[in-house]
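See below for the structure under consideration.
The values are calculated or read from the model by the stated rules, or taken from the named source; none is laboratory data. Because the structure is a prediction, the values reported are computed rather than measured. Cβ sites come from the backbone with ideal geometry, for glycine too, and all protein chains shown count toward neighbours. The area values use the complete protein model at the heavy-atom level, side chains included, leaving out ligands, DNA and RNA. Shrake-Rupley method; radii C 1.70, N 1.55, O 1.52, S 1.80 Å.
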Amino acid sequence: MRAFLYDRPTAVGEAVAAVAADPQAAFLAGGTTQVDLMKDGVWTPDRLVDITRLPLRGILVESQQLKVGALTTMEQLAAEPVVEQRLTFVREALLLGASVQLRNMATIGGNLLQRTRCRYFRDPTVSACNRRSPDSGCAAVDNVARMHAVLGVDERCIALHASDVAVPLIAVEASVLVDGPSGQRRIPLTEFWVRADEGPSIENVLGHGDLITEIDIPLLPQGWRSGYLKVRDRASYEFALTSAAVALQMDGDMIGDIRIALGGVGSVPWRAREAEEMLRGTHVDPVRFEQAGRAVMASAFTVPGTAFKVDLAVRTLSRQLLTMTEASR
Amino acid sequence: MKTTRTTARAPSAQDQYTVDVFTVVNGAPAQWRVDTRTTLLEALRDTAGLTGTKRGCDQGACGACTVHVDGQRVLSCLMLAAQVDGRQVTTVEGLAGELGPHPLQEAFMRHDAFQCGFCTPGQLMSAACLLREGRAGSDADIREYMSGNLCRCGAYDNIVAAIRDVAKGTD
Ligand SMILES: Cc1cc2nc3c(=O)[nH]c(=O)nc-3n(C[C@H](O)[C@H](O)[C@H](O)COP(=O)(O)OP(=O)(O)OC[C@H]3O[C@@H](n4cnc5c(N)ncnc54)[C@H](O)[C@@H]3O)c2cc1C
Ligand code: SF4
Ligand code: FES
Ligand code: FES
């Protein structure tokens with residue numbers, strides 16, 4: 001690991017100023033992405049600003065939404081009773097991610113900002129990686145790829161955004177509060193991440209020194225149900241090959257309203273609006289479920305190693321739609 | 001904690017790259033002066049001489065380095081030593097009580113819940129939290145919530161049996 005200076009401020013303003021003043025500085029939260037990448041030599045900041053002592057931990061329950069401090073851990077958010085009742089798919093996505101040890105360390109803010117698991121990105125001896133070094137090429141498109149994206153990508157980069165919890169969060173249209181060198185602002189998650197096919201080296205709209213202080217998560221209305229299905233190479237402690245977050249409200253035997261997002265497929269957590277539109281106000285119909293999935297995956301860009309994801313994503317979504325509409329069939 | 005920017009790592013700048021950590025390890029106060037890069041795992045093994053905590057993958061994938069920080073299980077290979085300043089750390093050396101081994105340690109022995117034993121300290125530390133978290137209600141739950149601890153020897157069935165025994169209070 002390259003040597004670095006270490007600061008541990010106790011006020012948000014100090015933390016922002018410390019990173020803003022040093023182009024080579026980075027924030028440190030739970031460290032499960034940051035320390036990992038520094039050990040691998042992929043990321044070599046000369047200063048770490050440890051934000052874990054900032055007063056940004058805890059959950060405020062309001063009538064329509066949760067205000068979640070950015071340093072709240074994945075385990076803490078999953079344990080919140082309101083999350084279990086009104087945001088079931090958020091809880092499921094949290095508990096199906098990583099391991100208990102990692103979830104005790106990993107913060108919600110850090111989770112949204114985790115870097116891709118692309119093995120070429122994580123190996124500094126691989127020179128072709130447009131995400132790490134612009135215009136160097138992409139080792140993944142020509143080599144073994146599997147844990148990679150098929151939506152929002154092109155031949156310049158097929159990096160996957162591997163967060164689980166970001167998938168239901170984008171379905172409920174959560175937003176983040178950001179404190180930065182130029183003041184405070186709110187960014188809806190639907191506008192937070194930048195697709196790899198829109199610029200492989202830019203991952204999100206945050207600027208240097210921007211600190212996420214809070215994540216605001218709207219509660220699903222009463223009477224909605226939700227669930228997260230994660231398909232992976234082993235039963236537990238593994239990233240998703242594909243996943244589906246579905247929240248819906250049944251109106252008799254019709255789907256009244258619905259929210260869908262897919263994981264494991266996109267360079268950003270993928271909101272499936274085409275599918276929502278095709279299913280809203282329709283009867284429960286497995287054929288239509290599959291058509292809705294096909295519509296989302298129609299724009300897929302695949303390489304030999306990721307071609308299986310198109311069918312798998314369609315089936316993952318279909319099965320989750322069946323599960324979520326089951327009680328009314 | 002305030003530091004100023006330097007361009008080169010001159011010897012005179014050495015102090016800026018070290019950090020003083022005041023912590024409590026297994027109930028005893030400890031003070032370490034370490035390089036900022038030092039992970040908690042390295043501080044425990046190399047500075048504190050507590051080699052019960054194992055380095056497996058060193059990248060968050062195996063659970064061999066599991067310890068407790070303020071009573072919660074974490075991976076010491078991905079945590080900086082500096083981050084436990086003011087916190088309480090418990091390692092496998094601190095698991096046994098004054099009256100003898102922890103019930104989990106006895107159950108692991110009775111059930112032969114290891115072969116080489118390399119993963120065992122991490123398994124024990126993880127299982128101790130699992131019990132406190134109330135997640136040992138079924139074998140399926142034990143497997144799920146112990147999934148962050150890999151065992152290359154494949155002693156899983158016996159590990160689950162040992163934990164189940166202690167959870168049911170059959171000891
Ligand atoms: C073995 C392993 C398995 C995993 N499995 C899964 C999985 O199945 N599902 C899943 O979703 N995730 C998984 N993860 C990823 C894990 O969830 C993330 O690494 C974690 O959530 C990151 O949070 P952190 O607090 O540790 O962030 P850090 O590593 O501390 O930070 C991550 C990045 O975000 C920046 N940052 C952190 N907080 C803020 C903030 N508040 N404002 C601005 N910038 C900030 C840091 O500078 C850094 O760039 C896994 C990780 C590992 C190591
Ligand atoms: S997929 Fe993206 S992150 Fe991976 S090697 Fe290609 S450019 Fe780099
Ligand atoms: S050594 Fe820490 S998880 Fe493997
Ligand atoms: S006993 Fe050998 S790794 Fe588990």
Open item on the list: Take residue B:143 and tell me if it is assigned to a helix (DSSP H, G or I), touching a residue at least 40 places away in the same chain (Cβ under 8 Å) and more than 16 Å from ligand 2 (Cβ to nearest atom).
Closed with: no
Filter region B:24-36 for residues that are touching a residue at least 40 places away in the same chain (Cβ under 8 Å) and within 14 Å of chain A (Cβ to nearest Cβ); the one that is farthest from ligand 4 (Cβ to nearest atom) is B:36
Of the residues in region A:27-51, those that are more than 20 Å from residue A:119 (Cβ to Cβ) and either more than 7 Å from every other protein chain (Cβ to nearest Cβ) or open to solvent by 20 Å² or more (accessible area, probe 1.4 Å) (or both) number 10
Of A:146, A:225, the only residue that is open to solvent by 50 Å² or more (accessible area, probe 1.4 Å), farther than 26 Å from residue A:300 by Cα and in contact with a Ser or Thr (Cβ under 9 Å, 6 or more places away or on another chain) is A:225
Restricting region B:136-163 to residues that are more than 8 Å from every other protein chain (Cβ to nearest Cβ) and in contact with an Asp or Glu (Cβ under 8 Å, 6 or more places away or on another chain), the one surrounded by the most Cβ atoms within 10 Å (Cβ to Cβ) turns out to be B:155
With the first residue restricted to region B:44-60 and required to be closer than 18 Å to residue B:28 by Cβ and outside the structural domain of residue B:116 (by TED's automatic domain parsing), and the second required to be open to solvent by 40 Å² or more (accessible area, probe 1.4 Å) and within 14 Å of ligand 4 (Cβ to nearest atom), Cβ contacts under 8 Å at 6 or more apart or on different chains are B:45/B:55
Taking region B:33-59 and keeping residues open to solvent by 10 Å² or more (accessible area, probe 1.4 Å) and within 16 Å of ligand 1 (Cβ to nearest atom) leaves B:37, B:55, B:56, B:57, B:58, B:59
Note on residue B:109: of the conditions (1) outside the structural domain of residue B:128 (by TED's automatic domain parsing); (2) exposed (fewer than 15 other Cβ atoms within 10 Å of the Cβ), unmet is (1)
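Here is a yes/no grid of residues against (1) open to solvent by less than 40 Å² (accessible area, probe 1.4 Å); (2) not in a loop (DSSP other than H, G, I, E, B):
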{"position": "A:167", "(1), (2)": "yes, yes"}
{"position": "A:178", "(1), (2)": "yes, yes"}
{"position": "A:185", "(1), (2)": "no, yes"}
{"position": "A:209", "(1), (2)": "yes, no"}
{"position": "A:234", "(1), (2)": "no, no"}
{"position": "A:238", "(1), (2)": "no, no"}
{"position": "A:247", "(1), (2)": "yes, yes"}
{"position": "A:261", "(1), (2)": "yes, yes"}
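Residue by residue, here is whether (1) in contact with a Pro (Cβ under 9 Å, 6 or more places away or on another chain); (2) more than 19 Å from residue B:164 (Cβ to Cβ); (3) in a strand (DSSP E or B) holds:
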{"residue": "B:74", "(1), (2), (3)": "no, yes, yes"}
{"residue": "B:78", "(1), (2), (3)": "no, yes, no"}
{"residue": "B:107", "(1), (2), (3)": "no, no, no"}
{"residue": "B:115", "(1), (2), (3)": "no, yes, no"}
{"residue": "B:123", "(1), (2), (3)": "no, no, no"}
{"residue": "B:126", "(1), (2), (3)": "no, no, no"}
Kindly establish whether residue A:70 is more than 9 Å from chain B (Cβ to nearest Cβ), under 20 Å from residue A:99 (Cβ atoms) and of a type in the set (A, V, I, L, M).
no
With the first residue restricted to region A:227-253 and required to be over 11 Å from residue A:96 (Cα atoms), and the second required to be open to solvent by 30 Å² or more (accessible area, probe 1.4 Å) and in a strand (DSSP E or B), Cβ contacts under 7 Å at 6 or more apart or on different chains are A:241/A:231; A:242/A:231; A:247/A:259; A:248/A:225; A:248/A:257; A:249/A:257; A:253/A:283
When (1) farther than 16 Å from residue A:267 by Cβ; (2) open to solvent by less than 10 Å² (accessible area, probe 1.4 Å); (3) within 12 Å of ligand 2 (Cβ to nearest atom) are applied to residue A:97, the one that fails is (3)
When region A:52-84 is checked residue by residue, the ones that are polar (S, T, N, Q), within 18 Å of residue A:189 (Cα to Cα) and surrounded by 15 or more Cβ atoms within 10 Å (Cβ to Cβ) are A:65, A:72
Checklist entry - Within region A:136-150, is there a residue that is under 21 Å from residue A:274 (Cα atoms) and in a loop (DSSP other than H, G, I, E, B)? => result yes
Notebook entry, point to check: For residue B:133, are the conditions met, namely being among the charged types (D, E, K, R), at the interface with another protein chain (Cβ under 8 Å from one of its Cβ atoms) and either more than 16 Å from ligand 1 (Cβ to nearest atom) or farther than 29 Å from residue B:22 by Cα (or both)?
Noted result: yes
So, first residue more than 20 Å from residue B:130 (Cβ to Cβ) and away from chain A (no Cβ under 14 Å) in region B:94-118, second residue within 16 Å of ligand 1 (Cβ to nearest atom) and part of a helix (DSSP H, G or I), Cβ within less than 6 Å, six or more apart or across chains; the pairs are none
Apart from one, (1) more than 26 Å from residue B:161 (Cβ to Cβ); (2) under 16 Å from the mean Cα position of the chain (by Cα); (3) more than 16 Å from ligand 3 (Cβ to nearest atom); (4) crowded, with 17+ Cβ neighbours inside 10 Å all hold for residue B:70; the odd one out is (4)
Taking region B:41-60 and the residues there that are of a type in the set (D, E, K, R) and more than 13 Å from every other protein chain (Cβ to nearest Cβ), the one that is nearest to ligand 3 (Cβ to nearest atom) would be B:54
Filter region A:122-141 for residues that are touching a residue at least 60 places away in the same chain (Cβ under 8 Å) and open to solvent by 50 Å² or more (accessible area, probe 1.4 Å); the one that is farthest from ligand 4 (Cβ to nearest atom) is A:134
